[in-house]
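First up is the structure itself, then whatever we jot down about it.
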Amino acid sequence: MRVLSVASEIAPLVKTGGLADVTGALPAALAGMDVHMRSLVPGYPAVMAALQEAETVHAFDDLFGGPAVLLQGRGAGLDLLVIDAPHLYDRPGNPYLGPDGRDWPDNPERFAALSWVGAHVAAHSAGAWRPQVLHGHDWQAGFMTEYLPRMGGTDVRSVLTIHNIAFTGTADPGRLHSLRLDPARFNSEGYEFWGGISALKAGLMSADALTTVSPSYADELMTPEFGMGLDGVMRHRQAALTGILNGIDEQVWDPATDPAIVPFTDPASKAAAKAALRVELGLPQAEGPLCVIVSRMTHQKGLDLVLEALPALTAAGGQLALLGSGDPVLEQAFLQAAADPNIAVRIGYDEALSHRLIAGGDAILVPSRFEPCGLTQLYGLRYGTIPVVALTGGLADTVINASPAGLARGVATGIQFAPVTAVALRGALMRLATLYADRDTWSRMQANAMAHPVGWGQSARAYADLYARLTRTSSPKTSR
Ligand code: ADP
Ligand code: GLC
């Protein structure tokens with residue numbers, strides 16, 4: 001089975017969040033299942049620098065405003081197709097933002113080009129290789145299935161995975177021509193979205209299959225509260241949608257071999273990682289649990305609720321260590337909170353420190369208002385760092401709550417709270433402090449957490465089965 005993955009990020013080459021972890025891990029997870037996945041990525045400077053054994057497989061005279069070359073090669077163990085288009089991708093910093101911290105104004109065209117090339121490879125092949133399935137991720141791949149039928153690739157099946165429906169990839173209707181869209185499809189059946197253009201809506205309407213990254217988020221997407229204006233579209237496409245949980249890279253996140261920490265294999269020997277973290281962050285000894293957070297700092301992640309609940313945590317003898325970056329108001333508020341000696345805050349993006357935090361913490365907090373899957377609670381489970389999570393999306397699907405029932409059966413792996421308010425989070429932190437003081441129950445929960453399966457096995461199988469089902473179906477969903 002040949003599958004072309006199309007996404008704007010891929011770890012370890014370029015990453016702003018969990019999307020990159022997923023697109024970076026899936027090819028290897030699928031390789032053992034007879035799926036050959038190649039990944040199409042924009043040629044950002046970091047990708048161009050990592051590319052090896054590159055050979056040109058196609059040249060575009062005009063790819064959305066300039067010439068471009070499609071390169072095939074390898075990088076960081078990945079089988080890559082890279083779009084070398086300096087006018088679109090040879091820019092500093094993050095894939096989406098200019099030096100002023102704002103979206104590049106031509107982002108709609110930059111990622112329409114990604115979708116265009118994805119469709120081109122599906123219709124015409126790259127070298128001698130042609131995929132049977134196009135697997136796109138998020139809005140950046142949304143236009144693929146708009147372009148594909150026009151290019152003649154109607155025998156190729158398509159999957160679009162929703163990692164976060166909050167990013168709809170909208171553009172002003174005046175850009176219809178610069179985005180190379182068919183004006184006849186500027187309607188509710190096509191890419192029109194509240195009077196504008198949405199790349200995500202385009203893909204949601206026209207991909208053969210839709211997936212999202214947890215079963216609970218799949219259900220939530222049908223509701224006005226979580227659907228971000230696309231809930232009607234999701235209800236319309238309900239039959240095409242499945243929720244497939246993310247896994248984590250068990251080699252990169254393995255407490256027994258992690259080069260960033262003093263390795264450990266059981267909860268009892270986790271103490272060295274915690275002691276080292278306290279020294280590194282200048283945190284004193286404390287009675288209560290050391291809570292950690294590794295997160296983008298946005299409204300989605302609910303970190304403002306943590307600020308409100310912090311006094312209750314420290315009053316109970318607990319501590320907090322946070323690593324994150326994002327909203328400057330939140331960054332400032334946490335830096336101010338760090339005047340308390342029991343609170344340590346590091347603003348920035350630091351892969352190695354994220355490992356030391358997740359290994360050294362007693363608990364990891366993920367109080368998200370919505371969370372399609374979430375990966376850091378999975379890292380927490382693997383390292384015996386008890387997740388304290390909002391009862392939403394993938395956080396609901398991956399943690400077994402220390403409810404009276406969960407504790408009575410001895411199966412709990414973490415703490416869930418609802419609704420997603422500061423009051424409920426405070427309650428969860430109080431429960432955390434109580435459980436932490438009960439050493440037997442706590443050790444049991446840590447052992448349960450470390451034994452919980454968080455790898456890709458089952459989910460990679462679910463994707464492989466989906467590809468197989470799609471290619472067995474002869475008639476595509478849309479016969480345009
Ligand atoms: P999202 O994709 O919404 O940001 P996820 O939990 O799925 O949330 O994935 C976030 C990923 O980014 C994780 O791998 C996490 O460890 C990483 N991450 C987030 N913030 C930082 C940071 N400041 N430093 C290092 N890694 C980070
Ligand atoms: C998105 C979501 C996150 C998910 C990640 C990878 O960034 O916010 O919940 O884990 O994608 O699928």
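With respect to the conditions (1) closer than 25 Å to V262 by Cα; (2) part of a loop (DSSP other than H, G, I, E, B); (3) within 23 Å of the chain's Cα centre (by Cα), P387 lacks only one, and its number is (2). I'd like the residue in the range 390-410 that is within 15 Å of ligand 2 (Cβ to nearest atom) and outside any loop (DSSP other than H, G, I, E, B) and, out of all such residues, is surrounded by the fewest Cβ atoms within 10 Å (Cβ to Cβ). Looking at the filtered set, the residue picked out is D397. Might you let me know whether the range 308-321 holds any residue that is in contact with a strand residue (DSSP E or B) (Cβ under 7 Å, 6 or more places away or on another chain), among the aliphatic types (A, V, I, L, M), in a strand (DSSP E or B) and within 16 Å of ligand 2 (Cβ to nearest atom)? No.
When each of A28, A50 is tested for being more than 16 Å from ligand 1 (Cβ to nearest atom), without any contact (Cβ under 8 Å) to a residue 40 or more places away in the chain and of a type in the set (A, V, I, L, M), the lone residue that passes is A50.
Quick check: anything in the range 253-273 in contact with a helix residue (DSSP H, G or I) (Cβ under 7 Å, 6 or more places away or on another chain), farther than 20 Å from L323 by Cα and not in a loop (DSSP other than H, G, I, E, B)?
Scanning the range 253-273, I find at least one residue that is in contact with a helix residue (DSSP H, G or I) (Cβ under 7 Å, 6 or more places away or on another chain), farther than 20 Å from L323 by Cα and not in a loop (DSSP other than H, G, I, E, B), so the answer is yes.
In the range 274-310, the qualifying residues are those that are small (G, A, S) and more than 17 Å from the chain's Cα centre (by Cα), and the one that is surrounded by the most Cβ atoms within 10 Å (Cβ to Cβ) is A309. Please find, among P372, P387, the residue that is closer than 22 Å to E287 by Cβ, modelled with pLDDT of 95 or more and within 16 Å of ligand 2 (Cβ to nearest atom). Result of the check over P372, P387: P387.
In the list E351, E371, which residue meets the criterion of being surrounded by fewer than 18 Cβ atoms within 10 Å (Cβ to Cβ), within 14 Å of ligand 1 (Cβ to nearest atom) and either under 22 Å from S214 (Cα atoms) or of a type outside the set (A, V, I, L, M) (or both)?
Numbers: E371 fails: surrounded by fewer than 18 Cβ atoms within 10 Å (Cβ to Cβ).
Unique residue meeting the criteria: E351.
Taking the range 237-261, which residues are hydrophobic (A, V, I, L, M, F, W, C), away from ligand 2 (no atom under 16 Å from the Cβ), touching a residue at least 24 places away in the same chain (Cβ under 8 Å) and over 30 Å from T473 (Cβ atoms)? Give the derivation first.
Just the residues of the range 237-261 that are hydrophobic (A, V, I, L, M, F, W, C), to begin with: 239-241, 244-245, 248, 252-253, 256, 260-261.
Adding the requirement that they be away from ligand 2 (no atom under 16 Å from the Cβ) leaves 239-240, 256, 260-261.
In the following step, the residues that additionally are touching a residue at least 24 places away in the same chain (Cβ under 8 Å) were identified as 240, 260-261.
Answer for the range 237-261, where residues must be hydrophobic (A, V, I, L, M, F, W, C), away from ligand 2 (no atom under 16 Å from the Cβ), touching a residue at least 24 places away in the same chain (Cβ under 8 Å) and over 30 Å from T473 (Cβ atoms): A260, I261.
Taking the range 115-149 as the search range and keeping residues that are at negative phi and at pLDDT below 95, which one is farthest from ligand 1 (Cβ to nearest atom)? Ranking the qualifying residues of the range 115-149, first place goes to A128.
The values are calculated or read from the model by the stated rules, or taken from the named source; none is laboratory data. Fair warning: this is a prediction, and the values are worked out from it, not measured in the lab. Heads up, the Cβs are rebuilt from the backbone with ideal geometry, glycines too, and the neighbour counts pull from every protein chain shown.
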